[in-house]
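Take a look at the structure set out below.
The values are calculated or read from the model by the stated rules, or taken from the named source; none is laboratory data. Note that the structure is a prediction, hence the values are computed from the model and not measured. Cβ: placed from backbone, ideal geometry, glycine included. Neighbour counts: every protein chain shown.
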Amino acid sequence: MIRMYNILNLLYSSGAKSKLVAATQKQIQEELEKSGEKICDRTIYNNLRKLVRQGFIAEGLLHGNAKSFYITTDGIEWMKEVETEVKE
């Protein structure tokens, strides 16, 4: 759940909120590594698939041959719920 939150938070903070402004799996992995979180390609892929199934992220436009992803309003709401739970 923390990895999913970190991916959502990364997309939100980088402004990836529409089909036009979205991040590829590689970009997501690189940004997470910059913040000190080492995650293998497969783990990122599995978490992205989970987030898409739950409706928290959606696929954006292709970047070359790579799919891109952006956070949906459901994803933003879920993040707010998680943050509220932690603050209580």
Item to check | Of the criteria (1) surrounded by 14 or more Cβ atoms within 10 Å (Cβ to Cβ); (2) of a type outside the set (D, E, K, R); (3) out of contact with any helix residue (DSSP H, G or I) (no Cβ under 9 Å at 6 or more places or on another chain); (4) part of a helix (DSSP H, G or I), which one residue 21 fails | outcome: (4)
Next on the checklist: residue 48 - would you say it is part of a helix (DSSP H, G or I), touching a Gly at 6+ places or on another chain (Cβ under 7 Å) and crowded, with 17+ Cβ neighbours inside 10 Å?
Outcome noted: no
Checklist entry - Given the structure, is residue 37 more than 26 Å from residue 85 (Cβ to Cβ) and of a type in the set (Asp, Glu)? => result no
Item to check | Matching option when the condition is modelled with pLDDT under 90 and over 17 Å from residue 6 (Cβ atoms), among 84, 73 | outcome: 84
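Here are 62, 32, 10: which of them is buried (at least 16 other Cβ atoms within 10 Å of the Cβ), on the phi < 0 side of the Ramachandran plot and in contact with a Ser or Thr (Cβ under 9 Å, 6 or more places away or on another chain)? Before you say what the answer is, go through the steps one by one.
Details: 62 fails: buried (at least 16 other Cβ atoms within 10 Å of the Cβ); 32 fails: in contact with a Ser or Thr (Cβ under 9 Å, 6 or more places away or on another chain).
Only one candidate qualifies: 10.
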